[in-house]
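Pasting a structure below so you can have a look.
The values are calculated or read from the model by the stated rules, or taken from the named source; none is laboratory data. What you see is a predicted model, and the numbers here were worked out from it, not measured in a lab. Cβ placement follows ideal geometry from the backbone for every residue including glycine, while neighbour counts extend to all protein chains displayed. Side chains included, ligands, DNA and RNA excluded: accessible areas come from the protein's heavy atoms. Shrake-Rupley method; radii C 1.70, N 1.55, O 1.52, S 1.80 Å.
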Amino acid sequence: MDAHGDIYSFPVASEVVGLVVGDIGHTDVGRDLIIEDRSSSLQQIDERHRKFMAMQYPILFPYGEDGFHDALFYNLTSTSTSMRHQKATMAEYFGYRLHDRPNDFNTPLRCGRGTQAYEVDGYCYVEREQIDHYRTPSFQQKYRSTTYHSLASNVSSGIRSASSAGQRIILPASFTGSPRYLYQKYQDCIGICRKYGCPDLFVTFTSNAAWPEIAEALPPGLHPSDRPEIVDRVFKMKLNILMDDIKKKNFFGPIHAGISSTNLSFHSDFLLLIIPTKRHIYLFAVVYTIEFQKRGLPHAHIIIWLAKEGPWDAAIIDTFISAQLPHPTIDPIGYDAVSSFMVHGPCGALSSYSPCMSKGKCSKFYPKKFCEQTPILENGFAQYARPNNGLVVHRNGVDIDNRFIVPHNVDLLVKYQAHINVELVNHDDMHKYLFKYVTKGFDCARIGFQINASAPGSSSNTINEINNYLECRYVTPNDAAWRLLQYDIHYSDPSVERLPVHLPLENSVVFTEEDDLEEVIEDPNNLRTKLTSWLEANNKFPTAQHYNYIEFPEHFIWHSNGKYWDIHRGSHNKISRIAHVNPTQGDTYYLRMLLHIVKGATSFSEIRTITGHEYPTFRSACEALGLLGDDQEWSLALNDAAQWASPYQL
């Protein structure tokens, strides 16, 4: 079995899953059904046919009800009449089907494993339809992209046909789950890290199928695994409440010198009191991603930045993180929560057949060592207190002590009644591992095909040969339901403004093949970017001259419709990151270096003007500032890349 966190890890939940060779949309084959009608002739049913799902799942659709089709319109209401589109999309249709309604028995949601297969199939159907949209000739041949300078050169050469200019757009970064999407999310995390430093806490919040809200929503006779969309909806509500506790109620802080930490949180059956803190403006950020990892239930990986002065000492760590059983007589509610949700194993010598065992050892390094107090080790890691106080919990016929307790916060356990692992992040380049971990992409599986053949000269022995391996995307029912309900798989607060970098007239322009190139280059909006508008804003707003390019979005708001910056009014929490530029890209790389320093520039020439002297290139301006001498150029490049690049990339 592969290590925890590997996208190829072994499944541990018994459920219906979808295995898509390569990934959804990697092939143009599609799928269909071949049926034999009453005349004994064969007929092909395409996957876009309104009866396809009824043919695929006759038990779920006993009356042959229509599925999605292109002529599916919204019901006429005051809301739908004001909408720009009157037809329902496939994603909206399946999202609609995943809800119970009065006087609607909704057979597809009452068939156990059949419901799991229906939701997985429905998601693959929706995802393929969306990818096919980008792959259709009408899209691939319609949208193209190139630099403004290249378009102007084509027009000056007498070329006005847009079909012969630029490159086609394949799959944009806005498509959820695409490689570009994951890369942008990873860079956004690095941008937050540049602003607030390394994160402080890593929290894993796992859904609990025994939540009473799930039991109340289940129809009679069904189990939580039979209705993955109900589990996902309850988990999303709980996750939103947890985010409010962390962000708005400052459950984990902020911690500042002079603020007492003795009046701590207190739990009862239904109440969680949050630590009182002084009302100030603090630096704070949180990022989470939703994963399933073949475990049957959704869980969230949450990365938290706290506003605090200096690192936590052992006393503060013990305040928020515990790795021991509460005393059953002093805190019986906490003892029940920890013993129910935060016990690992048993494994090791107590159970050598535990799923976590690999090569005779626990892959999670349990049991831990007893430790009476919480020391901070030389490498920056905290060794949580696990006193040998005789407290145990009985599980699977053995007594389990503090060495098997997963780090947690007992108040969160009592309130949410779920597995919530809370870990302190070591500030030693641990952040890159965390960010790669939460943006690693979807679950996958390697499928092997076996051919059973008799050995030559033998009538009884067989030889099992692995004939072929297939790399497959692994789609679970909860994963499919989450996506069909159109919930986000990534969340970031504050949001990250992505700032482009380009030389004059080298900004990217998107156009269609039907456009006239001369009209494209004459459109002033095609020359306006966040960078050129920043130069204009420096000339328009006196306060803008106090900020460089990367600081600008913290004080100004970008209006994408009109392509201009304006002073923000009211609350505004946003950070920014400048797009990465490879050092081999010449002057663009040196322009990016200057944009981190120069303030108040109103033109590209002012960016390369140092102490009143305009330099001919951005490189020479960097040299005048002393950014390139004594190998400093390479030091800056490596220091910048070290914040996000892996060792082999460096």
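Full extension from S153 to E216: what is 0.36 nm times the residue separation minus their Cα-Cα distance, to one decimal in nm?
16.0 nm
Averaging over all projection directions, find the projected area of the Cα convex hull of region 509-595 and quote it in nm² with one decimal place.
7.6
What's the local net charge at F94, with K and R +1, D and E -1, over the other residues with C-beta under 12 Å away?
Cβ neighbours under 12 Å give a net charge of -4.
Here's a follow-up. How large is ³J(HN,Hα), in whole Hz, for each residue of region 303-310 in order, when computed from phi with the Karplus curve 6.51 cos²θ - 1.76 cosθ + 1.60 and θ = phi - 60°, using x for Gly and Pro?
Couplings: 10, 10, 9, 10, 8, 8, 9, x Hz.
Now, a different point. Put E216, E15 in order of accessible area, largest first, 1.4 Å probe: what do you get? It would help to have the intermediate numbers written out before the result.
Working: E216 155, E15 35 Å².
Order by accessible area, largest first: E216, E15.
Give K236/K359; K563/K599; K185/K236; K540/K574; K238/K574; K195/K369 a once-over and call out the pairs whose C-alpha atoms are over 29 Å from each other.
K236/K359; K195/K369
Still on this structure, please answer the following. Accessible area per residue for region 519-576 in Å², computed with a 1.4 Å probe and the full protein assembly in place, what is it?
Per residue, region 519-576 has 54 Å² of solvent-accessible surface.
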